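The values are calculated or read from the model by the stated rules, or taken from the named source; none is laboratory data. Values in this document were obtained by computation on a predicted structure and should not be read as measured data. Cβ placement follows ideal geometry from the backbone for every residue including glycine, while neighbour counts extend to all protein chains displayed.
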Amino acid sequence: MIDALDGIDGLRDAASMALTGLGLAFFVAGTLGLVRFPDSFSRLHALTKADNLGLGFLALGLALQADHWGQVLRLALIWGLALIAAGIAAQLVARAALAEAARRRR
Amino acid sequence: MIDPALLYGLTGAAVVGLGLYGFLSLRHLLRRVLAFNVVGSGIFLMFGAAGYRGAVAEGTAGADPVPQALIITGIVVALAATALAVGLILAHARATGRRTLPEDDT
Amino acid sequence: MIPGDGAGGALMATVALPLAGSLLAVVLGRHGAQVAGGVALGVGAAVAVLAAQVAGGGVLRVDLGGWAPPLGIALMADGLAVAFLGLGAVVMAAVVAQAAALFSTRGGESRAGYGFWPLVMVLWAALNLTFLSRDLFNLYVALELLTLGAVALVAIGGQAGPLAAALRYMVFALMGSLLYLLGAVLLYAAHGTLDIDLLAIRAQPAPPDLVAAGLITAGLAVKTALFPFHAWLPPAHAGAPAPASAVLSALVPKGSFFILWRLWFEAMPDLAAPPVLTLLAGLGGAAVIYGSALALMQGRLKMIVAYSTVAQLGYLFLVFPLAGGAGAAQPWEASAWTGTAFQALSHGLAKAAMFLAAGLFVMAVGHDRLEGLRGLARTMPMAVFGFGLAAVALLGLPPSGGFTAKYLVMTAAFASGQVVWAGVLVVGGLLAAGYLYRPMAALFADAAPGPLTPVPRRLQALPLLLAGLAIGLGVASDAPITFLAIGRPDAAAEGL
Amino acid sequence: MLLDVILCGMILAVALAAVSGLGVFRAVVFFVVHGVLVSMAWLRLDAVDVALAEAAIGAGLTGVLLLSAVARLERLAGGGAWRQRVNVLPAGLAAAGVTGALMWAFLGLPQPAGLGAEVAAALPRAGVENPVTAVLLNFRGWDTLLESVVLLAALVGVWALTADDDWGARAGVAQHAAPGGVLEGFGRVLPPLGLMVGVYLVWAGAAGPGGAFQGGTVLAAVALLLAMAGLAPAPRVGAPALRLALVAGPAVFLGVGVAGLAWGGFLRLPPDIAKPLILTIEAALTLSIAVTLALLVLGRPEPGDGA
Amino acid sequence: MIGWLTFVAVGLLLSLAGALWRVWRGPAQADRMMAAQLVGTGGVGVVMVLAALGDWAALDVALVLALLAAFAAVAFVKANSADGAGDPEERAPDTALLQPRAGREGDTDRGGDEGRSGAGGAAP
């Protein structure tokens, strides 16, 4: 019974390790995109998508480790807020980059 | 392995040094205010490290609350001073068209 | 020692009243002057009651919130603190009276009229707190409040010159605050307390204490505009409106000096290695010479008076080698200690009188260049006579308080064999005669003064009153001397 | 342990980058990043309350304040060749000297000393469970009262820099945003959530990390966003309601302090009613801090030129 | 589990280090702002992992960081708009810039090391 119990625990740990690992991978991808991509817009594209996905997986993975529901709720709220923030920031920064480039061309 | 308190304390001291260097050598007033904030955060890091060191020795849970309270007070006081400094810098720039103190302008 | 009972009320009122006044002035806007007048009366009464309590019952301690140090914050009123509170109350009363005419908000709420009153009352509360608090971090917050209030007052005029002066003041003051905070943090890290009396027990010449003492001294020296760091003071004090520059010059640097005084005589007396004390006094001496020399070369009256502040503040630093330092309490230490207190009080009164008088001259003539002030003695006799009396006090001629101060410090210098400081006093006095002669000559010149707006007599009485007090301090000097002895660190050793 | 070494390395690198190199904008961005890294460091040092304050103020408000100041300063005083640095050697020597002395002092610290035990001993009589809030609002309440007055003094100082004929106008520059645009959308979506988080932080401050400052800063950010998204115009400098809100925190705190004289001493909170007193003070303080910080970041009234 | 989460936290920190390089190098102001945005989001991630490692109360810090993450970008965007207080979306974008370019660095990178209206001292 006990090892069955830790079987589930083992499963839970394995799942959260996998998810957090995936999250980390997306973050690394986001950073690589930011560093390697040629121009502002493609960098913005890379970082916004990869990071938020990464954060989502990370939140999911950590939710498995949570002690009680309050933390899972907060993790979801954090991810939601981060999504909003990333979406807004990406859109506005892109427009600003466009305006800045336009100003430089004149 | 060196204990965390010492690591963060020495980092705080180094951040104070960097901030002080910037504060004394830079001429752009906004950068000097920024360097002032960097020195402030270095001081608070040292203070927090001392607090952490005190608490670990006494075995109380969490860092020593008195430095934490003083650091929060210090952060808010630093923000107030920064806001007034920025207001002054903008008013001075509006009056004289200059970003530096008169004696620093070549 | 009557901790924390009703007697604490008067002590708290000296700080709580100006705070409440500044809050009220922020809300009431147009009636700032009346609020400040009420606060000036209230604090005056509180200081009088406090003086009676301290004279009767000795040093008075209040543990805020009922929590004793090291957990809580303690405020303490001894003879020295109450004397400085008294200086603040008198100068502030005169400043409020003159500012009421300058920053009147009867017409409608104007910018300067709105901003001046809360700032000057916040400055007053912070200043009183620097005289009373026994907790290093509490003193840091008081110093920051003092700095923000003072910088905002310098910039309240709004022209380009004062704005640059306010910015330079802020840059120097922020540097001073950071160094002071660093020292306080190290002391807490080493001893687990920030209270001056507990530090006195726990301080020992170990690396953290030495570095902390050095940083705190450097920080406070920057804030007191000691010689190498004085560049910010003259343009700031000259650029501010007259009532503000009276407060800035007469009181604000004394707040940070007072903390330095407390630290070297009460928190870390045995840490004071003689070379450090001599260095401080040496910089003080250099400030006297350099400040006076520059005052000689100024064309504007307010710049002369501002550079005179740099010089006069230098005298205060002579107390460290004469009365500080380890070893048995020498008999002359008490007189050097009391003499420096007198110097601070008499300079405060005289300097406030001078700046208020300068404000009246600017009100009359429109500017403060010396050539424009020629012959003002005939049309504004009371203000010019007040300026003259203040000059007597600054020079240290008998019977002024300045003379008593110089006499006490000089006898201490000769008794302790450190004659060089006596030399500084003499040379300083001569140079002061030099830079004060030029404005006096202009004022009393028999040229016919040009067109000027009449200045009401009741305003002219203010500088005269303050200067009279500076003289009175010397005439009736025995009462203050005994009062200052209450709570002095080595009270046992009688003065010369 | 490796985590701390890397984090400290990054904090140092960011601090170095913030003070060296050319360009003020880059320095400001590095400072915002510095705020995020330092709030992580506070978590490693077991100081969650400070991490909250650093995240809200260091990474939040100070960044907004400096970023808008940079662009405004470029418009007012941009262009013209000028020397970035002067007296580099003395500055470097002084900085190195202070750093060396600090490290020598930190290494020379005797046995660790702290007040953790005293606070824990006095906590039952403090009225709140969170030791940091107990220190901030009871043991050292005097510091916190003065600090709220410091904020007010800074705001009055900033307002005193207004041009004479602009007095009485709305604080800061007139903000506007594209109707129905992304920014206005953000201004509609975030404030309810932000309000909830802010109030939660203040309320949670009694038992766990949080408190008037952290909550007040988040609420200030929400108010700023409403202004920046053009949804709510900044209040007029002379508005009586605004002035009462500004003064509420320090006034209530001072009032409770004076009332303490009846219980034996200034700022004395009797243990049995300490909690309600502290909660009222915190509510008033949060209101004042939120309003004051938002107005400090908005800056002096400038109705005329948008520049 | 603790070891793994520490590894993840270290990995996230190193990815932030990459973003720091972009903040230093990034030719245009917008690049630097993006990198700051990434550090913000990455910071939320690291704080979440630290909360799982240590005290779960640290989730509030991640909450505040996530809440305020977009503020720096909003302030930057508003400050760089035409009158310093506007919104970049108020004027129609100049779409000519978005024509695909074969292989060349995007137009925004050809600018000098400093963005034209960019930072600080005009003298590089």
**Request:** Could you list all residues from segment C:81-126 that are among the polar types (S, T, N, Q) and within 14 Å of C:PRO241 (Cβ to Cβ)?
**Result:** C:GLN98, C:SER104, C:SER110
**Asked** Do we find a residue being modelled with pLDDT under 85 and surrounded by fewer than 18 Cβ atoms within 10 Å (Cβ to Cβ) anywhere in segment A:80-103?
**Response** yes
**Message:** Can you confirm whether D:GLY255 is on the phi > 0 side of the Ramachandran plot, surrounded by fewer than 24 Cβ atoms within 10 Å (Cβ to Cβ), over 20 Å from the mean Cα position of the chain (by Cα) and assigned by TED's automatic domain parsing to the domain that holds D:LEU201?
**Reply:** no
**Request:** Could you check, for segment B:57-70, whether at least one of its residues is touching a residue at least 24 places away in the same chain (Cβ under 8 Å) and either in a helix (DSSP H, G or I) or facing chain D (nearest Cβ under 7 Å) (or both)?
**Result:** no
**Message:** Here's a check for you: in segment D:203-237, which residue that is outside any helix (DSSP H, G or I) and among the hydrophobic types (A, V, I, L, M, F, W, C) is surrounded by the most Cβ atoms within 10 Å (Cβ to Cβ)?
**Reply:** D:ALA229
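Matching residues to (1) surrounded by fewer than 20 Cβ atoms within 10 Å (Cβ to Cβ); (2) closer than 27 Å to C:VAL82 by Cβ:
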{"position": "C:LEU318", "(1), (2)": "no, yes"}
{"position": "C:TRP332", "(1), (2)": "no, yes"}
{"position": "C:PHE361", "(1), (2)": "no, no"}
{"position": "C:HIS367", "(1), (2)": "yes, no"}
**Item:** Candidates D:ASP49, D:ASP4 - the one that is facing chain B (nearest Cβ under 9 Å) and touching a Lys or Arg at 6+ places or on another chain (Cβ under 9 Å)
**Value:** D:ASP4
**Request:** Being farther than 19 Å from C:ALA295 by Cα and among the aromatic types (Phe, Trp, Tyr) narrows it down to one of C:PHE444, C:PHE387, so name that one.
**Result:** C:PHE444
**Message:** Can you find a residue that is assigned to a helix (DSSP H, G or I), hydrophobic (A, V, I, L, M, F, W, C) and in contact with a strand residue (DSSP E or B) (Cβ under 7 Å, 6 or more places away or on another chain) anywhere in segment C:90-106?
**Reply:** no
**Message:** Here's a check for you: in segment C:286-316, which residue that is among the small types (Gly, Ala, Ser) and surrounded by fewer than 24 Cβ atoms within 10 Å (Cβ to Cβ) is farthest from C:VAL365 (Cα to Cα)?
**Reply:** C:ALA286
**Request:** Exactly one condition in (1) within 30 Å of C:GLY115 (Cα to Cα); (2) more than 7 Å from every other protein chain (Cβ to nearest Cβ) is not met by D:GLU147; state its number.
**Result:** (2)
**Prompt:** Is it fair to say D:GLY21 is more than 7 Å from every other protein chain (Cβ to nearest Cβ), outside any helix (DSSP H, G or I) and either modelled with pLDDT under 95 or more than 15 Å from the chain's Cα centre (by Cα) (or both)?
**Reply:** yes
**Fill in**
Reported set for segment A:46-94 where residues are touching a Phe, Trp or Tyr at 6+ places or on another chain (Cβ under 7 Å) and not aliphatic (A, V, I, L, M) is A:ASP51, A:GLY54, A:GLY56, A:PHE57, A:ASP67, A:GLN71
**Request:** Considering each residue of segment D:85-112, count those that are more than 7 Å from chain B (Cβ to nearest Cβ), within 22 Å of B:LEU101 (Cβ to Cβ) and either touching a His at 6+ places or on another chain (Cβ under 9 Å) or in a loop (DSSP other than H, G, I, E, B) (or both), and give that number.
**Result:** 0
**Item:** Members of segment B:1-41 that are in a helix (DSSP H, G or I) and more than 7 Å from chain D (Cβ to nearest Cβ)
**Value:** B:ALA5, B:LEU6, B:GLY12, B:PHE23, B:LEU29, B:ARG32, B:VAL33, B:PHE36, B:VAL39, B:GLY40
**Verdict on D:ALA121 being part of a helix (DSSP H, G or I), aliphatic (A, V, I, L, M) and more than 9 Å from chain B (Cβ to nearest Cβ)** = yes
**Fill in**
Apart from one, (1) at the interface with chain E (Cβ under 10 Å from one of its Cβ atoms); (2) within 13 Å of E:VAL64 (Cα to Cα) all hold for D:LEU224; the odd one out is (2)
**Asked** Considering only residues of segment D:156-194 that are touching a Pro at 6+ places or on another chain (Cβ under 6 Å) and either among the polar types (S, T, N, Q) or free of Cβ contacts under 8 Å to residues at least 40 places away in the same chain (or both), which is surrounded by the most Cβ atoms within 10 Å (Cβ to Cβ)?
**Response** D:VAL156
**Message:** If I filter segment A:49-70 down to residues being modelled with pLDDT under 90 and either within 8 Å of chain E (Cβ to nearest Cβ) or under 17 Å from E:PHE71 (Cβ atoms) (or both), which single residue comes out as surrounded by the fewest Cβ atoms within 10 Å (Cβ to Cβ)?
**Reply:** A:ASP67
**Fill in**
Here the qualifying pairs (Cβ atoms under 8 Å; residues six or more apart or on different chains; first in segment A:15-30 and more than 15 Å from E:MET1 (Cα to Cα) and surrounded by fewer than 21 Cβ atoms within 10 Å (Cβ to Cβ); second among the polar types (S, T, N, Q) and at pLDDT below 95) come out as A:VAL28/E:SER15
**Message:** Among the residues that make up segment C:221-236, is at least one of them in contact with a Ser or Thr (Cβ under 9 Å, 6 or more places away or on another chain), in contact (Cβ under 8 Å) with a residue 12 or more places away in the chain and within 11 Å of chain D (Cβ to nearest Cβ)?
**Reply:** no
**Asked** Looking only at segment A:33-46, which residues are part of a helix (DSSP H, G or I), facing another protein chain (nearest Cβ under 7 Å) and free of Cβ contacts under 8 Å to residues at least 40 places away in the same chain?
**Response** A:LEU34, A:VAL35, A:ARG43
**Asked** Of (1) hydrophobic (A, V, I, L, M, F, W, C); (2) in a helix (DSSP H, G or I); (3) closer than 30 Å to D:ALA120 by Cα; (4) modelled with pLDDT under 90, C:PHE137 satisfies all except one. Which?
**Response** (4)
